[in-house]
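Input: a single structure, listed below in structure tokens.
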Amino acid sequence: MRTRSIFAMCCAGALVVLLAWAFTVWRPSQVPGRALVVKWEGAVIGHNFRDFGASLNACLGTPLMREGQAFRAAMWFSGFSCAAVGSPETILSLNFDPKDGHEFYCLQDDGTPTIGKHFNARAELNDLEFAKNWPNPVVRAEVCGFFAEGFAAIARGERLLVHCDAGRDRTGTYAALLQALAAEAAGRFDGALIDAVECDYRKTKSLAPAKLGRMNRFLRDVQAQGGPSRFLETHCALPAKVALGAGRALLAHPPPVL
């Protein structure tokens, strides 16, 4: 009897996987000509979703960043409700691979897709959490558009969602620079802030022990290069004034512009 029960459970599980696979493969694209991806695995794996302003505030113990505007996630939300990932108005897909062209999206209440934007036309982004890689002209060419678009979305007051595969390293680096810019705009880019960013990074459950300390080391390197606004100006030719403006807009209590 027990063997039958185990067999039945295995069959049921296989059927669920098969149906989910079929749903993923055959679900029609919401937009003709675009390869939108449904990530049904999110029901099991989880979105690794959080408001990274609220997360930083909790780690820091003080309300530095505005909450409800900037979010981070893994890719597993794709194909389902935008409400599950902060109802973003702009999505940045750091894991877009130009070789396969798959795009990630969420569905608004009326069924309209909000599709992730991407600016890397030649290569998939990787290893952004190592400052030594940023002088590479290929890395700069592929990553800088994501920051220019993120700053524009923040200036428009839009809710921003940043994601990659696991929502960990590429996403963590992007979030770390926005968190650091907010702190720099408030005159608080210091060791306590860097530790709080590392604290936010460590909330990702899939973080292997070897990755511990990566955001701390990355921001220490950024600090040694003059701070986040100078870092992005150097590597992305984004004016420090624009970067600091985005940081100021992300603050819970923005200082007056002098």
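The values are calculated or read from the model by the stated rules, or taken from the named source; none is laboratory data. None of these values were measured; they are calculated from a predicted model. For neighbour counting, all protein chains shown are included, and Cβ atoms are generated from backbone atoms with ideal geometry for every residue, glycine included. The area values use the complete protein model at the heavy-atom level, side chains included, leaving out ligands, DNA and RNA. Shrake-Rupley method; radii C 1.70, N 1.55, O 1.52, S 1.80 Å.
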Report, to the nearest whole %, how much of the accessible area of the chain belongs to carbon and sulfur atoms, 1.4 Å probe, protein only. 59
So who's got an amide H within less than 5 Å of the one on Gly167, skipping anything under 5 residues away but keeping other chains? H placed 1.01 Å off N, in plane. Met75
Sort Arg140, Arg217, Arg66 from largest to smallest accessible area, using a 1.4 Å probe on the heavy atoms of the protein chains. Arg217, Arg66, Arg140
Counting each DSSP H run of 4 or more residues in the chain as -39500 (n - 2.57), what helix-only mean residue ellipticity at 222 nm follows after dividing by all residues, to the nearest 500 deg cm²/dmol? -14000 deg cm²/dmol
Counting only residues 5 or more places away or on other chains, whose amide H sits under 5 Å from the amide H of Leu92 once H atoms are built in the peptide plane? Lys117, Leu161, Val162, His163
Would you please name the GluC sites (Glu not before Pro) within the range 148-239 that are DSSP coil residues with at most 16 other C-beta atoms within 10 Å of their C-beta? Glu158
Surrounding charge for Ala208, neighbours by C-beta under 12 angstrom, Lys/Arg +1, Asp/Glu -1, total +4
Stretchable slack from His253 to Ala237, in nm (0.36 nm times residue separation minus alpha-carbon distance): 3.0 nm
Quick one: net charge of Leu60's neighbours, Cβ under 15 Å, K/R +1, D/E -1? -2
Ranked order, Glu124, Glu89, Glu103 - accessible area, probe 1.4 Å, largest first: Glu89, Glu124, Glu103
Which whole-number percentage describes the relative contact order of the chain, with Cα contacts under 8 Å and a sequence gap of 6 or more? 20
Using DSSP H assignments, which helices in the chain have an axial alpha-carbon span of 20 Å or above and a mean Kyte-Doolittle hydropathy of -1.0 or higher? 2-26, 137-155, 169-185
Using Cα extents along the principal axes in Å as the read-out, say which of (1) 73, 41, 32; (2) 72, 43, 35; (3) 50, 39, 35 was calculated from these coordinates. (2)
